[in-house]
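Note sheet for the following structure.
The values are calculated or read from the model by the stated rules, or taken from the named source; none is laboratory data. This structure is a prediction, so every number in the text was calculated from the model and none was measured. Note that each Cβ is placed from the backbone with ideal geometry, even for glycine, and that neighbours are counted across all protein chains shown.
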Amino acid sequence: MNVSEELLAEIISIRKDIHQYPELSGEEYRTTEVIKSFLKERSIPILPLDLATGVVAEIGKEGPVIALRADIDALPITESTQLSYQSKVQGVMHACGHDFHTASLLGAAAILKEREEKLKGRIRLIFQPAEEQNLGARQVIEAGALEGVEQIIGYHNKPDLPIGTIGLKSGHLMAAVDQFEVIITGVGTHAAAPHNGNDPLVTASQIVTSLQTIVSRHVSPLDTVVVSVTKIDGGNTWNVIPESVVLKGTIRTFKEDIQQKTKQLFEQIVTAYAGAVNQKSEIIWIPSPPSVHNDLILTEQVKEAVSIFADIVEPEVTLGGEDFAFYQQEIPGIFAFIGTGAPYEWHHPNFLVQDEALVYAIQYYLYSATHIINHLKATSKKRLTEEALH
Ligand SMILES: [Zn+2]
Ligand SMILES: [Zn+2]
């Protein structure tokens, strides 16, 4: 399954075009049109799902269905790469390489369509919006994108892996994300007369410090947890004690029991400190993805498939999150890291991807999809024969 020079050149130019016109999560209207027109040109049917942005399409006639997923949104970052195709949209940048993901899935779609007659099943293409807001996966799932789908394949570009390598591991790869907002309410007053009020800033400060003891004192050192308070919002001026303070931040974990324990300790600390001085506390948990957890059998099958053209490496797990995990809550899935050998990490204003890596991403989709579909076809045939014998 070679990627022709001609197709690759087209995919690279689409990648650069999308890169120049990045769109924020949920606003990917132009990108959606670029994807649709590429698919329409190749007569790849688009499924009539109720989505404002993003595209779900399908290749193949009958048999088991597997899905290939790419995310399409950009970030509110001002690009400073000085590339010839640098972002033309002020303050918005493809700093996570979702332009690369989108282009590679288009490339794979073109080749799979050419081979449609030989496919032993159907391949659903999911161009997912709003990954950076953790909203897109849930939106496309709710719209029905996974209906009938047995397994799903995704990946993220990885700047610190060399081009030609693919990071694959079963089990946990990326962390479960919990996002919190805490509101501490006391009584505002003059800064010179604190005894006339009830100062929420002091309480908030104690909470921030105390939350750090969850990791250092309450969870086993062998388990992975991060608790980060990243925003403190309270007060307007130097001589007024405010009525309330808002804290924002995130918790990262891999195991579900540790996640629950951490959240419980978090709630205890917040409630206890505020309660001790008669202040009110409210905790809002913002829905966020669970951990990316790769299916064991699927990982082995994909390793087998991609070893033909790439070097497989054991990737380091990361405490970053990915809303691909929402698909894996529904069906078995595999999420890989594809090396792009680039100097800056995700979300950096100098972030870039090397186009030389695109061919590996396209082949990752192609080889894994066809290999897995063959396996599924074989198992469903076996299942039918066994049923017939009973
Ligand atoms: Zn990102
Ligand atoms: Zn990303």
Can you name every residue in the stretch 81-113 that is of a type in the set (A, V, I, L, M, F, W, C), more than 16 Å from ligand 2 (Cβ to nearest atom) and under 22 Å from residue 6 (Cα atoms)?
106, 108, 109, 110, 111, 112
Among the residues of the stretch 276-289, are any free of Cβ contacts under 8 Å to residues at least 40 places away in the same chain, away from ligand 2 (no atom under 15 Å from the Cβ), of a type in the set (A, V, I, L, M, F, W, C) and not assigned by TED's automatic domain parsing to the domain that holds residue 81?
yes
Which residues, counting only those in the stretch 214-229, are touching a residue at least 12 places away in the same chain (Cβ under 8 Å), closer than 18 Å to residue 267 by Cβ and surrounded by fewer than 17 Cβ atoms within 10 Å (Cβ to Cβ)?
218, 226, 228
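Could we say that residue 95 is modelled with pLDDT of 95 or more, away from ligand 1 (no atom under 16 Å from the Cβ) and either in the same structural domain as residue 334 (by TED's automatic domain parsing) or surrounded by fewer than 22 Cβ atoms within 10 Å (Cβ to Cβ) (or both) here?
Working: modelled with pLDDT of 95 or more: yes; away from ligand 1 (no atom under 16 Å from the Cβ): no; either in the same structural domain as residue 334 (by TED's automatic domain parsing) or surrounded by fewer than 22 Cβ atoms within 10 Å (Cβ to Cβ) (or both): yes.
For residue 95, the condition - modelled with pLDDT of 95 or more, away from ligand 1 (no atom under 16 Å from the Cβ) and either in the same structural domain as residue 334 (by TED's automatic domain parsing) or surrounded by fewer than 22 Cβ atoms within 10 Å (Cβ to Cβ) (or both) - is not met.
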Within the set of pairs 6 or more residues apart or between chains, which connect a residue that is without any contact (Cβ under 8 Å) to a residue 12 or more places away in the chain and assigned by TED's automatic domain parsing to the domain that holds residue 145 inside the stretch 107-122 to a residue that is crowded, with 18+ Cβ neighbours inside 10 Å and in a helix (DSSP H, G or I) with Cβ atoms less than 9 Å apart?
118/370
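Just the residues that are over 17 Å from the mean Cα position of the chain (by Cα) and crowded, with 24+ Cβ neighbours inside 10 Å, please, taken from the stretch 321-350.
Going residue by residue through the stretch 321-350, those that are over 17 Å from the mean Cα position of the chain (by Cα) are 340-344, 349-350.
Correct list: 340 only.
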Could you list, in sequence order, the residues of the stretch 295-347 that are within 16 Å of ligand 1 (Cβ to nearest atom) and either farther than 22 Å from residue 134 by Cα or acidic (Asp, Glu) (or both)?
322, 323, 340, 342, 344, 345
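Can you tell me how many residues within the stretch 144-203 are among the β-branched types (Val, Ile, Thr), more than 30 Å from residue 343 (Cβ to Cβ) and buried (at least 19 other Cβ atoms within 10 Å of the Cβ)?
Pass one, the stretch 144-203, residues among the β-branched types (Val, Ile, Thr): 149, 152-153, 163, 165-166, 177, 182-185, 187, 189, 202-203.
Then keep just the ones that are more than 30 Å from residue 343 (Cβ to Cβ); that gives 149, 152, 182-185, 187, 189, 202-203.
Applying the additional criterion that residues be buried (at least 19 other Cβ atoms within 10 Å of the Cβ) yields 149, 152, 182-184, 203.
Total satisfying the criteria: 6.
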Which members of the stretch 232-249 meet the condition of being over 19 Å from residue 278 (Cβ atoms) and outside any strand (DSSP E or B)?
235, 236, 237, 238, 239
State whether the residues of the stretch 27-38 include one that is more than 22 Å from the chain's Cα centre (by Cα), within 12 Å of residue 107 (Cβ to Cβ), assigned by TED's automatic domain parsing to the domain that holds residue 353 and in contact (Cβ under 8 Å) with a residue 12 or more places away in the chain.
yes
Sole exception among (1) assigned to a loop (DSSP other than H, G, I, E, B); (2) of a type in the set (A, V, I, L, M); (3) more than 21 Å from the chain's Cα centre (by Cα) for residue 359, by number:
(1)
